[in-house]
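Notes to accompany the following structure.
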Amino acid sequence: MKKIKIKNKKKIVCLTAYNKFTAEIVDNYCDLVLVGDSLGMAYYGNSSTRSVHLDDIIRHGKSVRKGIKKSILVVDMPFGTYRNKNDAKKNALKIIKEIKCDAIKLEGGSNVVKIISHLVKNNINVMGHIGLLPQKVKSKKDYKILGKDKIEQTKIINDLISIQKAGVFSVVLEGVKEDLAKKIVKNSTVPIIGIGASKNCHGQILVLEDMLGLFDKVPKFVKKYFNLKKEVSNAVKRYSKDVIIGKFPTNKNIYR
Ligand code: KIV
């Protein structure tokens, strides 16, 4: 696998995509596109990311691959697919072979160091994920911002240091207080991509559907750039009315 080196001159722009059509759009404006296991929540409507299986991420990853021309394509390793070194290697290689992605991402710090080292030694590009770890969360109410006390801060800084040593090429930092984010960036030797981790990070990532405004409720760290729910709702309402009053199909939509 070709080693990834992200140029760190400007802020690194990242978004998620779950299919070819959204991938084609985000590829134009992003440095990195993630097939995230947020798929379970943002696409399938489940209460956590733990419902996503290897087959799901591969199916969506293959579709996303078709839409990516230039961005780095990273794919999440689903919950339960990297419990030990052998499983991690077998499943990562399957993801890479089937999707032809550039890297995989997995969650954790000191607890996954051996797994990351093993993958890196086997020529696999690994992105880390520290701070709030969605795969540890069983329902939406368990989401909690981290870094409030010294113990939490030290743990997350140690997580960063250990996964850097193991060879990650970049790290997602999720859901931490700004002063911890600053410390993480200070201790980093690889680009830190923040989500709910302040503007101090080297780059930012969001779930596409969150920033497009598909959902009423989103975490504070999301900025809505569009109101997809409202716009789609208005369009469907107009269509429904047109069908009922016979305004659709029009002459333009009829084969003669
Ligand atoms: O699953 C996901 O989409 C993620 C990002 C939001 C970082 O891990």
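Brief remarks follow.
- Scan of region 186-210 for residues that are open to solvent by 30 Å² or more (accessible area, probe 1.4 Å) and away from the ligand (no atom under 11 Å from the Cβ), ordered by number: 186, 187, 189, 198, 199, 200, 202
- Identity of the residue in region 63-77, open to solvent by less than 70 Å² (accessible area, probe 1.4 Å) and touching an Asp or Glu at 6+ places or on another chain (Cβ under 7 Å), that ends up nearest to the ligand (Cβ to nearest atom): 76
- Residue within region 231-245 that is closer than 21 Å to residue 37 by Cα, touching a Gly at 6+ places or on another chain (Cβ under 9 Å), open to solvent by 70 Å² or more (accessible area, probe 1.4 Å) and of a type outside the set (Phe, Trp, Tyr) present: no
- Residues being more than 16 Å from the ligand (Cβ to nearest atom) and either modelled with pLDDT under 95 or open to solvent by 30 Å² or more (accessible area, probe 1.4 Å) (or both) - total across region 118-138: 5
- Residue in region 35-48 that is within 13 Å of the ligand (Cβ to nearest atom), at pLDDT below 95 and open to solvent by less than 20 Å² (accessible area, probe 1.4 Å) present: yes
- Filter pass, residue 94 being under 16 Å from residue 72 (Cα atoms), away from the ligand (no atom under 15 Å from the Cβ) and surrounded by fewer than 23 Cβ atoms within 10 Å (Cβ to Cβ): no
Listed here are the residues, each with its yes/no results for (1) surrounded by fewer than 19 Cβ atoms within 10 Å (Cβ to Cβ); (2) closer than 23 Å to residue 143 by Cβ.
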position: 16; (1), (2): no, yes
position: 28; (1), (2): yes, no
position: 61; (1), (2): no, no
position: 79; (1), (2): no, yes
position: 82; (1), (2): no, yes
position: 107; (1), (2): no, yes
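- Cβ-Cβ under 9 Å pairs, at least 6 apart or on other chains, region 36-48 side in the same structural domain as residue 193 (by TED's automatic domain parsing) and over 15 Å from residue 210 (Cβ atoms), far side among the aromatic types (Phe, Trp, Tyr) and open to solvent by 10 Å² or more (accessible area, probe 1.4 Å): 48/79
- One residue stands out among those in region 122-151 that are without any contact (Cβ under 8 Å) to a residue 12 or more places away in the chain and charged (D, E, K, R): the one that is nearest to residue 175 (Cα to Cα), which is 142.
- From the options 169, 215, 221, residue that is at pLDDT 95 or above, within 16 Å of the ligand (Cβ to nearest atom), over 30 Å from residue 126 (Cα atoms) and within 19 Å of the chain's Cα centre (by Cα): 215
- Answer from 90, 177 - the residue that is more than 19 Å from the chain's Cα centre (by Cα) and closer than 25 Å to residue 42 by Cβ: 177
- Candidates 229, 182, 237: the one that is in contact with a Ser or Thr (Cβ under 9 Å, 6 or more places away or on another chain) and more than 16 Å from the ligand (Cβ to nearest atom) is 182.
The values are calculated or read from the model by the stated rules, or taken from the named source; none is laboratory data. Since the structure is predicted, the reported quantities are computational estimates derived from the model, not experimental observations. Using ideal geometry, Cβ is built from the backbone for each residue, glycine included, and neighbour counts are taken over all protein chains shown. Note: accessible area is taken over every heavy atom of the protein model, side chains too, but ligands, DNA and RNA are not part of it. Shrake-Rupley method; radii C 1.70, N 1.55, O 1.52, S 1.80 Å.
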